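Every read-out reported here was derived from the displayed coordinates using simple, explicitly stated rules and does not represent laboratory data. Treat the numbers as computed from the prediction; the structure is a model and nothing was measured. Positions of Cβ are generated from backbone atoms using ideal geometry, with glycine treated the same way; all protein chains shown enter the neighbour counts.
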Amino acid sequence: MRQLVPGATIDGFTLTEKLPSGGMAALWKASHPDHAETIVVKIPFLDPGADASILIGYEVEEMIHKRLRGTHVPRFIASGDLAHVPYVAMEFVTGTSLAEKAGAAPLPPEEVTRIGIAVATALADLHGQKVVHLDLKPENVILAQRGAVLLDFGLARHAELPDLLGEESSVPMGTSAYISPEQVLGERSDPASDVFALGCILYQLATGEEPFGRPATFAGMKRRLYHAPRRPREANPAIPRWLEAIVMKCLEVDRSRRYADADQLAFDLKHPDQVPLPKFERAGAASWWQKFAAMFRRPDDSQLVGPASTGRRSAGPSIVLVAVDLASGVDPLADEVRSETARLLAARPDSRLACLTVLKTEIIGETKLADETGRSIYLKRLVALRDWARLLQLPDDRVSFHVLEAVSAADAILRYAEQNRVGHIVVGARSSSAFRRHLGSVSTKVVAEARCSVSVVRLADGRDEEAAG
């Protein structure tokens, strides 16, 4: 290995400043005549006698990183030839390391929430590119102006590429404070592992403690399969109950009880008022017996290891948004919208439903806030929305309800869908009229501008007129 010093060049990259590095690779700021931006060059330690996993990790990172796109990863620039000097050159991302935030924990709940949303959004984008990170920790996250940026893909797994690390070793791979139960048992294909790691990070940010410590042995890491950490509010009573519920759901050993994906985790963090609390939280503090039993709950190992959950989760959209018009109460079109929604939800049992109705406001003049009896129109619409959804028979943790006040129903639907990474929209369309054809309908605009798939539901006999609010 050639000596690395400031001023040395590798394939036209001039090393300018050594950055803090880990045990696997050296990191250098660098410049290149073809690139105006600051660059990071990552060079693995491949001295004689070095562990073979370092070389494999480099191959994995180079193979995966160059396929990644988007704002949540550093832009890949170039990589070196193994026969000469192996390296990965990438964009230098400016921002705050999440490790710095973790060092200042416990953080205020609102800051924990903001960070959680940012990292969950980044994970959802990564998982959408068929990559599981498998080494998510504060040191591998930069909080940049453009959002959370994920670093270091040396342990990652791409669903369509060979798993070089998994083929070479059966030893658990990951950072012991954040490694998931399934990783401990050798499973490297499930995005739920990153959700578990994010749960560990949120726990740390909220309490100032790592939920499972930093065990140095396999036996120590395996304890998390059978021993739950103490609840966050026991470490920091200032943590809201809804945030504790989210963190503990991330840390479920049984993957079927964990968040189905990072999008659903981000959704709950954005809508704390919709987070269902565990039953004992509703009634008060857990009894000593509940705490004791939770510590020793042993999951079925078939739910921890294997690819079954991956197929189940990819069967349909993770978050379904249904926009239903209840301005005149439940009518035949609203019933048809419910039937279509039920069909979609049946395709993916772990999908999440967001029920939405729009309370239209006036551009000019005063918006009516109460009915003739003085009752809040907003509250009436919320009750009606819950009543409409009751026949779907969904558990509390699978459905949420939202009354939006907006001038344009279509704009409100589109904005909500984009902000919450909705995977599919269901909207009703009533029969057209000359006036409606001239101005354009709600469903037409949603179909034209949505960044996800849309189902438009119409009545067979075309009896109705359209509205989404």
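Here is how the numbers come out for the structure above:
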| item | result |
| --- | --- |
| Separation in nanometres of the label points that stand 7 Å from Cα toward Cβ, at Thr9 and Leu225 | 5.4 |
| Rg/Rh (Cα only; Kirkwood hydrodynamic radius) as it applies to the chain | 1.02 |
| Size of charge dipole - the chain - debye, nearest 20, with Cβ of Lys, Arg +1 and Asp, Glu -1, no other charges | 1000 |
| Ala315/Asp371 FRET efficiency (R0 56 Å; Cβ-Cβ; nearest 0.05) | 0.85 |
| Additional length obtainable on full extension of the chain from Arg241 to Lys360, 0.36 nm per residue less Cα span | 39.5 nm |
| Distance from region 244-276 to region 368-401 (C-alpha centre basis), Å | 23 |
| The chain, relative contact order in percent, only Cα pairs under 8 angstrom and at least six apart counted | 10 |
| Distribution of pairwise C-alpha distances over region 319-457, 5 Å bins, in % | 2, 9, 20, 23, 22, 14, 7, 3, 1, 0 |
| Stretch gain in nm, segment Arg257-Leu185, where the contour uses 0.36 nm per residue and the Cα spacing is subtracted | 24.1 nm |
| Stretch gain in nm, segment Val407-Glu17, where the contour uses 0.36 nm per residue and the Cα spacing is subtracted | 135.0 nm |
| Inter-probe distance in nm under a simple model that places probes 7 Å from Cα toward Cβ, at Ser97 and Glu110 | 2.8 |
| Trypsin sites (Lys or Arg not before Pro) restricted to region 201-266 and DSSP loop, no more than 15 other C-beta within 10 Å | Arg230 |
| FRET efficiency for Asp387 and Ser339, using Cβ-Cβ distance with R0 set to 22 Å, rounded to 0.05 | 0.85 |
| 0 to 90° range, to nearest 10: angle between helix 377-389 axis and the chain longest Cα axis | 80 |
| Approximate shape of region 129-269 as ellipsoid semi-axes (Cα gyration tensor, √5λ), whole Å, largest first | 24, 18, 14 |
| Separation in nanometres of the label points that stand 7 Å from Cα toward Cβ, at Glu209 and Arg451 | 3.9 |
| Translational diffusion coefficient (Stokes-Einstein; Kirkwood radius from C-alpha pairs) of region 9-91 at 37 °C, 0.692 mPa s, in µm²/s | 249 |
| At R0 = 60 Å, FRET efficiency that the Cβ-Cβ distance of His84 and Arg458 yields, to 0.05 | 0.40 |
